[in-house]
Amino acid sequence: MSLTRRDFIKYSAVMAAFALLDPARATAAPDQGPQTWVKGVCRYCGTGCGVMVGVRDGKVVMVKGDPNNHNKGLLCLKGALLPAVVNAPDRLTRPLVRKNGQLTPVTWDEALTLTAARFKDVLEKHGPKAVAYYGSGQALTEESYLANKIFKAGLRSNNVDGNPRLCMASAVGGYTTTFGKDEPMGCYEDMDAATCFFVIGSNTSECHPVLFRRLAARKQADPNVKVIVVDPRLTNTARIADLHLPIIPGTDLALMNAMAHVIISEEMDDPRFHGKYAVFRQMVDGKPEERSFDDYRAFVAQYPPEKAAEITGVPAASIVAAAKLFASSSATMSLWCMGLNQRIQGVWANNLVHNLHLLTGKICKPGSTSFSLTGQPNACGGVRDTGSLAHLLPGGRVIANKAHRNEMEKIWGIPQDSIAPEPGLFTTAMFGALGDSVKAMLVLCTNPAQSLPNVRKYAANLRKDTKFLAVIEAFGDAETLKYADVVFPAAFWCERDGVYGCGERRYALIEKAVDPPGEARPSVDILVDLALRLGVDPKLVPFKNASDVWDEWREVSSHSAYNFKGMTRERLRKTSGLLWPCPTEDHPGTKIRYARGEDPNIPADHPDKFVFYGNPNGKAIMWLRPHKPAAEPPDAAYPFVLTTGRVIDQWHTGTMTGKVPEIHKAFPAAFVEVNQEDAKRLGIANGDTVRLETRRGSVDLPARVGEICRPGLVFTPFYDAKKLVNELTVDAIDDISKQPEFKICAAKVAKV
Ligand SMILES: Nc1nc2c(c(=O)[nH]1)N[C@H]1C(S)=C(S)[C@@H](COP(=O)(O)OP(=O)(O)OC[C@H]3O[C@@H](n4cnc5c(=O)[nH]c(N)nc54)[C@H](O)[C@@H]3O)O[C@H]1N2
Ligand SMILES: Nc1nc2c(c(=O)[nH]1)N[C@H]1C(S)=C(S)[C@@H](COP(=O)(O)OP(=O)(O)OC[C@H]3O[C@@H](n4cnc5c(=O)[nH]c(N)nc54)[C@H](O)[C@@H]3O)O[C@H]1N2
Ligand code: SF4
Ligand SMILES: [Mo]
């Protein structure tokens, strides 16, 4: 399967785009260049590139890649253009309180006193379930850990959730149901050893550009390296694939079960591995039942390639080819992201990727790994590891488990059985209850008024005067500020120090490079100040700064398999990050979890090579998971599938990247991609205004006609605040992860 000439030209064009990443580009006139360089991490995607922040006269003037971090000095444009964001003219510099409908500058004391009084009033009248915290995978680890502790241990409210619920919840659900513990077992270095990449539901080239470059470079260096991309769109990622499967959205489970069937019937599975290290299970009437390998084989035999081809729209021969490439390579690495997670079958889809690795024994070995790409820079370190979601506690513990609650009560020094026993409200339930049973909410580092699904429904609650909303934000144009009663101006990125934990379990320190503008303060200070005014026991928040919080969290981590006690601030200052587990100060960090000789949680004399110690019997679980249709498939009235997502240079709701002139010029406004055949049928030409309508709303957008979307599919990004694309999306959620199905809803498309 070699590249044709046409393919090669396309491929080269994609590679050429990366010339922009060369660190040599980071030059400036001598009298404008940096006087000092400070080490940090890019504040955008979960790749977590190391950066050097160039400072001149107290201002950030340049950002270049850290040559000692995993990105080896490379950055994409978003990272390199961060100076324009830090120095943006609309940074918030004073606390604001809504007076007569207007956000009005006030003193810190006034804003904090008012917020504390309103929260206290709600707590006294309605109890802990009436207050909530909505956080972010972009907040610092210290901020998330602290907010989680203040709410769950201090205020006794488990209503702690955040945007990772919209993003990584299905990946968390997948890892925990299969392996018993969250987070990938591998690391980015696996990319250099893999000879087959199975990329499914990830537009890596636009969303994790520096990792994509690593993948593309690997492929370019070794013609034996094969890339399979499963995506209903012909993305730039798919353009370098040896095998692109333009799947009908929402049918990946049928595809992966069919691949498993082919692997077994071709005897390409690894019985020595799955026979020893996996057990099989199926849910029946809401209860897990044990199954055998033969049951599993019979189950996947219900998905022969021909039948799967009908469900998925992918030719049977391509399904067979994908299965054979996956199973016959010397090392296979799967990469996936929102194309699998943002689905009502998100957890199940994650389970099926893990199944393929367990079935073939291609796991926990260099280059062989089931690697979920993380969206945000600190969803892993900040939110997943600290347990800052409504159903979690730190270090992989869950609220529903009494022993876990009691452990955390002991560690936090609070009375036994004082953590509320029921999980709190997950994101859509939390915003659904706002103004009703939830009366006071604190939002940190996220912009829900633009990013929630079916957002009109939740905006109605945000508007209620029976709610109190305090927002900690850095920029003045975030959509959510329209609904805020109080706004606290936050120190941004390198204006305070703190730790980010990126997609490969790597914790790295962002050092403070410059002062925040005006009266903006680090969020750790804001949270401690607010907690004390709320009457939280001062012993629970004895922190003068982020470094104190880190030290406590490090200590807390040592009571779990997530142990990174050895990552002192001092050590993080010297290195460009370390991978946990890292239990002691002389431990080098861990590249492969669950493998004896690599993972410090496994004794060196353990009889088994692999121990999936997250599960009591040390074995991974291969789940029998059937394909089911999307929550809102297309029908006669709404015949298209609308999918939403990202473009390379814009970040989410555009409050940051939208301020960079170069980026704004390249991506000024939202658009809708339409397949050329559909466009011809509907009389739509490139650039025509098209009305995109779903059962929840409509938006007019310029059409981009071409071959990217498969017929019957339209795509639009959600960065443009002037076109609230989330007024169209559905808020149907995955039963297990409670993650919304942003990726699929039924739509009508017509020329205006
Ligand atoms: N430039 C940029 N990079 C980012 C971000 C950003 O805002 N901008 N955000 C970061 C965050 S938080 C996240 S979560 C990640 C998201 O990263 P990705 O998940 O890679 O990006 P998306 O554009 O959301 O969707 C990925 C792909 O899923 C495909 N897809 C849709 N439905 C299906 C399906 O049913 N099956 C399959 N197999 N594929 C499907 C879409 O066609 C799309 O190409 O990006 C991170 N990186
Ligand atoms: N239609 C559709 N909707 C989606 C998705 C999709 O694929 N399709 N994806 C979902 C996913 S995966 C995600 S992760 C979410 C992301 O959704 P959001 O988290 O809502 O989007 P962001 O634009 O990243 O919001 C970050 C906010 O924090 C502010 N901010 C930046 N830095 C700081 C700081 O240092 N401190 C403070 N306090 N504030 C700061 C920014 O100005 C911005 O308002 O969107 C979800 N929504
Ligand atoms: S790839 Fe991600 S982390 Fe790296 S520079 Fe780009 S946005 Fe930043
Ligand atoms: Mo995300």
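The values are calculated or read from the model by the stated rules, or taken from the named source; none is laboratory data. Predicted, not measured: the structure shown is a model, and the values here were computed from it. All Cβ positions, glycine included, derive from the backbone under ideal geometry; neighbour counts span all protein chains shown.
Only one of the numbered conditions (1) of a type outside the set (A, V, I, L, M); (2) more than 16 Å from ligand 2 (Cβ to nearest atom); (3) modelled with pLDDT of 95 or more; (4) not in a strand (DSSP E or B) is violated by Lys39, and that is (4). Among residues that are away from ligand 2 (no atom under 16 Å from the Cβ), at negative phi and modelled with pLDDT under 95, Pro223 is included.
What number of residues in the stretch 445-457 are part of a helix (DSSP H, G or I), within 23 Å of the chain's Cα centre (by Cα) and either without any contact (Cβ under 8 Å) to a residue 24 or more places away in the chain or closer than 17 Å to Gly432 by Cβ (or both)? Count: 4.
Filtering Ala484, Ala460 for residues that are away from ligand 1 (no atom under 16 Å from the Cβ), surrounded by fewer than 24 Cβ atoms within 10 Å (Cβ to Cβ) and free of Cβ contacts under 8 Å to residues at least 24 places away in the same chain leaves a single hit, Ala460. Taken together, Val41, Val51, Val61 contain a single residue that is more than 19 Å from the chain's Cα centre (by Cα), in contact (Cβ under 8 Å) with a residue 12 or more places away in the chain and either crowded, with 24+ Cβ neighbours inside 10 Å or in the same structural domain as Leu215 (by TED's automatic domain parsing) (or both), which is Val51. Within the stretch 625-639, does at least one residue satisfy the condition of being on the phi < 0 side of the Ramachandran plot and free of Cβ contacts under 8 Å to residues at least 40 places away in the same chain? Yes, the stretch 625-639 contains at least one residue that is on the phi < 0 side of the Ramachandran plot and free of Cβ contacts under 8 Å to residues at least 40 places away in the same chain. What residue, of Gly48, Gly73, is touching a strand residue (DSSP E or B) at 6+ places or on another chain (Cβ under 9 Å), within 16 Å of ligand 2 (Cβ to nearest atom) and at positive phi? Checking each option against the conditions leaves just Gly48.
Within the stretch 640-676, the set of residues being without any contact (Cβ under 8 Å) to a residue 60 or more places away in the chain and assigned to a helix (DSSP H, G or I) comprises His664, Lys665, Ala666, Gln676. Of the residues making up the stretch 115-152, those that are closer than 28 Å to Trp493 by Cβ and assigned to a helix (DSSP H, G or I) number 15. Can Pro489 be described as within 16 Å of ligand 4 (Cβ to nearest atom) and crowded, with 20+ Cβ neighbours inside 10 Å? The answer is no for Pro489. Only a single criterion out of (1) over 29 Å from Thr694 (Cβ atoms); (2) in a strand (DSSP E or B); (3) touching a Phe, Trp or Tyr at 6+ places or on another chain (Cβ under 6 Å) is not satisfied by Ala470, namely (3).
Criterion applied to Gly313, Gly339 was being within 15 Å of ligand 1 (Cβ to nearest atom), in contact (Cβ under 8 Å) with a residue 60 or more places away in the chain, under 30 Å from the mean Cα position of the chain (by Cα) and surrounded by fewer than 19 Cβ atoms within 10 Å (Cβ to Cβ), and the one residue passing it is Gly313. Which one is nearest to ligand 4 (Cβ to nearest atom) among residues in the stretch 153-166 that are in a helix (DSSP H, G or I) and touching a Lys or Arg at 6+ places or on another chain (Cβ under 9 Å)? Restricting to residues being in a helix (DSSP H, G or I) and touching a Lys or Arg at 6+ places or on another chain (Cβ under 9 Å), the top hit is Pro164. Residue-level check: of (1) in contact (Cβ under 8 Å) with a residue 40 or more places away in the chain; (2) within 16 Å of ligand 3 (Cβ to nearest atom), Met622 misses just (2).
Within the stretch 542-601, the set of residues being outside any loop (DSSP other than H, G, I, E, B), closer than 15 Å to Glu504 by Cβ and touching a helix residue (DSSP H, G or I) at 6+ places or on another chain (Cβ under 8 Å) comprises Leu578 only. For the stretch 614-665, filtered to residues that are crowded, with 17+ Cβ neighbours inside 10 Å and of a type in the set (S, T, N, Q), the residue that is farthest from the chain's Cα centre (by Cα) is Asn615. Screening Arg214 on (1) surrounded by fewer than 23 Cβ atoms within 10 Å (Cβ to Cβ); (2) in contact (Cβ under 8 Å) with a residue 40 or more places away in the chain shows it passes everything except condition (2). For the stretch 631-655, a residue qualifies if it is farther than 20 Å from Asp231 by Cβ and more than 15 Å from ligand 2 (Cβ to nearest atom), and the qualifying residues are Asp635, Ala636, Ala637, Tyr638, Pro639. Is it the case that some residue within the stretch 244-253 is away from ligand 3 (no atom under 16 Å from the Cβ), outside any loop (DSSP other than H, G, I, E, B) and within 20 Å of Val347 (Cα to Cα)? Yes; the residues of the stretch 244-253 include at least one that is away from ligand 3 (no atom under 16 Å from the Cβ), outside any loop (DSSP other than H, G, I, E, B) and within 20 Å of Val347 (Cα to Cα). Pairs are defined by a Cβ separation below 7 Å, a sequence spacing of at least 6 or placement on different chains, a first member in the stretch 247-274 that is in contact (Cβ under 8 Å) with a residue 60 or more places away in the chain, and a second member that is within 16 Å of ligand 4 (Cβ to nearest atom) and polar (S, T, N, Q); the pairs so defined are Pro249/Thr643. Scanning the stretch 347-406 for residues that are within 16 Å of ligand 4 (Cβ to nearest atom), in a loop (DSSP other than H, G, I, E, B) and in contact with an Asp or Glu (Cβ under 7 Å, 6 or more places away or on another chain) returns a single hit, Leu389.
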